[in-house]
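Undergrad: There's a structure below that I have some questions on.
What follows draws every value from the coordinates through simple rules; no lab data is involved. Please read these numbers as outputs of a predicted model, since none were measured by experiment. Neighbour counts are summed over all protein chains in view; Cβ atoms, including those assigned to glycine, are modelled from backbone coordinates with ideal geometry.
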Number of protein chains: 2
Amino acid sequence: MQRYFMLKSIEEVDDQAIEVTGEIFHHMSRVMRMKPEEQAYLVFDEQLVVKAEITELFDNYLTMKVVERIEKSTELPVDVTLFCGFPKGDKLELITQKTTELGAHHIVGFPSKTSIVKWNDKKRSQKQERLEKIAREAAEQSHRSVSPDVLLLADINEMYNMLAQYDHVLVAFEEAAKEGEHAQLVQTLNAIQPGEKIAFIFGPEGGITPKEIEQFETRGAKVCALGPRILRTETAPFYALSALSYHLELQG
Amino acid sequence: MQRYFMLKSIEEVDDQAIEVTGEIFHHMSRVMRMKPEEQAYLVFDEQLVVKAEITELFDNYLTMKVVERIEKSTELPVDVTLFCGFPKGDKLELITQKTTELGAHHIVGFPSKTSIVKWNDKKRSQKQERLEKIAREAAEQSHRSVSPDVLLLADINEMYNMLAQYDHVLVAFEEAAKEGEHAQLVQTLNAIQPGEKIAFIFGPEGGITPKEIEQFETRGAKVCALGPRILRTETAPFYALSALSYHLELQG
């Protein structure tokens, strides 16, 4: 069944006569050719998922009524932010799509010293909008009740300032993998509590510089390896989120 | 430092005068412009990794001598085969590249009932060759000592016949995720022993049919969920391999 992020609170609607307009109306009526009595999941801002049924179709909108509130959560029990050094090409699109499926809540891009791309304000804001759309579509498809927000920073100093707000900060570091450091990720995942905030930092293709590592560590970040193999910049976040899910959601 | 798969046994060479020809010679001398005394890792068929130094450069080949044998393994302690129902477009390329980084040993594509692509023998063999090249490049980059083999099957019955050779077979099944099945993956990873063979089966976009599931189960396969979110066909293998690595290599 299709799933739509309403981008509003359930408080703002009458749950027996929800008016659906704009892009979602277009997708339901034109793309999916839905008819009265057909159903879809609607997701409201409070991470509330409801099953709703079309009651009437009009030219520019349709109405739906809630038939069931879905209680089961598909969200990770901790709040996860990914910081990704701007990678080359459209890798940030792949990262955004896949890490949304894998459960990320916030995706932040930052210009690392070794990042090759240079985006001006306009380009950065266009890119951010595009990535948020990719995240929303992936969140719908993977049955999430949260669509991740995406933020592309102009300056790495903004990122340094953000790090204080997390309970745990881990930096994926290639050299740690080579040196056989295997304990830190497990140690952090053993320590993390439901509701806490964790951030993972990943460098671009050229890696994180020792000076950047130092800045992260000054702010409480810990260096970790993601297994013994060297992962590409876009693959490392997949490993981190899968390990997090496996540890917290499957091993429990 | 660059890494090259020699595709031969160390027994076949004189380790103080290894002759390097063909593609590897071209890459070292023309692409990397390496000179005498410069070093690279060479990987031999017995999963042996050596550090070797160029001794002399000639027009069509160069010679190297072994300066160090590297003992540290970057291979998963179990033998992992992925069976992927033929997905759309070039997703098999993404799957091959990423799962090689994540440690897979064998990648097998099969035509599932819901697979949309139809490849004739010639197309399939071209595709297989291309995927093996992608795997080899990814294996070099991720510091593996094994380059995964790739096999694209003409018929799903060939796959059914292969399943008897594994100690464990898991099928990633979307419905299992929806029904909240969370125990099977952990149970299998708790049971698996070093040196054993495990296979994971993933459907194409349209999913695995109930009849296929039945065939898998008859041959000892167990259905599992990869967390509570619905993962796309190409994302599920990333989760499975990352969880495997986390459980066996980091938690130990």
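Undergrad: Of all DSSP beta bridges in the range B:3-70, what percent run antiparallel (nearest 5)?
TA: Counting DSSP beta bridges with both partners in the range B:3-70, the antiparallel share is about 85 percent.
Undergrad: Helix B:91-101 versus the longest principal axis of chain B: what is the Cα-based angle in degrees, 0 to 90, to the nearest 10?
TA: That helix lies at roughly 60 degrees to the long axis.
Undergrad: Roughly what percent of Cα-Cα pairs across the range A:79-251 reach past 30 Å?
TA: Cα-Cα pairs in the range A:79-251 separated by more than 30 Å: 10 percent.
Undergrad: Something else: Determine the shape class of the range A:91-159: with a ≥ b ≥ c the square roots of the Cα gyration tensor eigenvalues, call it rounded for a/c under 1.5, and otherwise prolate if a/b is greater than b/c, oblate otherwise.
TA: Taking the square roots of the gyration eigenvalues as a ≥ b ≥ c, the range A:91-159 is prolate.
Undergrad: While we're on this one: Check A:Asp149: other-chain or 5+ apart residues with amide H under 5 Å from its amide H, H built from backbone geometry?
TA: Those lying under 5 Å, H to H, from A:Asp149 are A:Ile107.
Undergrad: Taking 27 Å as the cut-off for C-alpha to C-alpha distance, list the pairs among B:Lys8/B:Lys51; A:Lys118/B:Lys88; B:Lys113/B:Lys222; A:Lys72/B:Lys222; A:Lys91/B:Lys211 that go past it.
TA: From the list (B:Lys8/B:Lys51; A:Lys118/B:Lys88; B:Lys113/B:Lys222; A:Lys72/B:Lys222; A:Lys91/B:Lys211), the Cα-Cα distance tops 27 Å for A:Lys118/B:Lys88; A:Lys91/B:Lys211.
Undergrad: Show me the ranking of peptides B:48-60, A:97-109 by mean Cβ neighbours inside 10 Å, starting with the highest.
TA: Packing order, densest peptide first, comes out as A:97-109, B:48-60.
Undergrad: How far is helix A:121-141 tilted, in degrees, relative to the longest principal axis of the Cα atoms in chain A, given as a value from 0 to 90 rounded to the nearest 10?
TA: 60
Undergrad: Using 0.36 nm per residue, how much length does the chain from A:Lys113 to A:Asn190 gain when fully extended, once their Cα-Cα distance is taken away?
TA: 24.5 nm
Undergrad: Separate question: Please give the average number of partner chain Cβ atoms lying within 10 Å of the Cβ of each residue in A:135-141, rounded to a whole number.
TA: Whole-number average of other-chain Cβ neighbours for A:135-141 is 1.
Undergrad: Relative contact order of the range B:86-184, please, whole-number percent, based on alpha carbon pairs below 8 angstrom and at least 6 residues apart.
TA: 33
Undergrad: Are there trypsin sites (Lys or Arg not before Pro) in the range A:114-188 that DSSP puts in a loop and that have at most 14 other Cβ atoms within 10 Å, and which ones?
TA: A:Lys118
Undergrad: Output the antiparallel fraction of DSSP beta bridges having both residues in the range A:77-182, as a percent to the nearest 5.
TA: For the range A:77-182, the DSSP antiparallel bridge percentage is about 0.
Undergrad: Can you give the % of DSSP beta bridges in the protein assembly as shown that are antiparallel, to the nearest 5?
TA: Given both bridge residues lie in the protein assembly as shown, the antiparallel proportion sits at roughly 40 percent.
Undergrad: Sequence gap at least 6, Cα distance under 8 Å: using those rules, report the relative contact order of chain B to the nearest whole percent.
TA: The value is 20 percent.
Undergrad: Once you place label points 7 Å from the Cα toward the Cβ at A:Lys72 and B:Thr21, how far apart are they in nm?
TA: 6.0
Undergrad: Helix-only mean residue ellipticity at 222 nm, chain B, DSSP H runs n ≥ 4 weighted -39,500 (n - 2.57), per residue, nearest 500. What is it?
TA: Taken over chain B, the calculation gives -8500 deg cm²/dmol.
Undergrad: Another question about this same structure. When the Kirkwood radius is taken over all Cα pairs of the range A:3-70, what Stokes-Einstein diffusion coefficient follows at 25 °C and 0.890 mPa s, in µm²/s?
TA: 210
Undergrad: Once the other residues with Cβ under 10 Å from the Cβ of A:Cys84 are scored (Lys, Arg +1; Asp, Glu -1), what is the net sum?
TA: With Lys, Arg at +1 and Asp, Glu at -1, the net is 0.
Undergrad: Would you tell me the mean number of C-beta atoms belonging to other protein chains that fall within 10 Å of each C-beta in A:216-226, as a whole number?
TA: Mean number of neighbouring Cβ atoms from other chains: 1.
Undergrad: Within 13 Å, Cβ to Cβ, of B:Ile54, how many net charges do the neighbouring residues add up to if Lys/Arg are +1 and Asp/Glu are -1?
TA: -1
Undergrad: From the square roots a ≥ b ≥ c of the eigenvalues of the alpha-carbon gyration tensor of the range B:194-252, which class results: rounded (a/c under 1.5), prolate (a/b over b/c), or oblate?
TA: Verdict is oblate for the range B:194-252.
Undergrad: Could you work out, residue by residue across B:229-241, how many beta carbons of other chains sit within 10 Å of that residue's beta carbon, and then give the average as an integer?
TA: 6
Undergrad: Report the net charge of residues surrounding B:Met159, where surrounding means a beta-carbon distance below 11 angstrom and charges are Lys +1, Arg +1, Asp -1, Glu -1.
TA: With Lys, Arg at +1 and Asp, Glu at -1, the net is -2.
Undergrad: From Cα pairs below 8 angstrom and at least 6 apart in sequence, can you work out the relative contact order of the range A:1-107, rounded to a whole percent?
TA: 24
Undergrad: What percent of all Cα-Cα pairs in the protein assembly as shown falls in each 20 Å bin, counting up from 0?
TA: Each 20 Å bin holds this share of Cα pairs: 21, 52, 24, 3, 0.
Undergrad: Mind checking which of B:Val50, B:Leu170, B:Thr74 is farthest towards the positive end of chain B's charge dipole, using Cβ charges of +1 (Lys, Arg) and -1 (Asp, Glu) about the Cα centre?
TA: Positive-most Cα among the choices belongs to B:Leu170.
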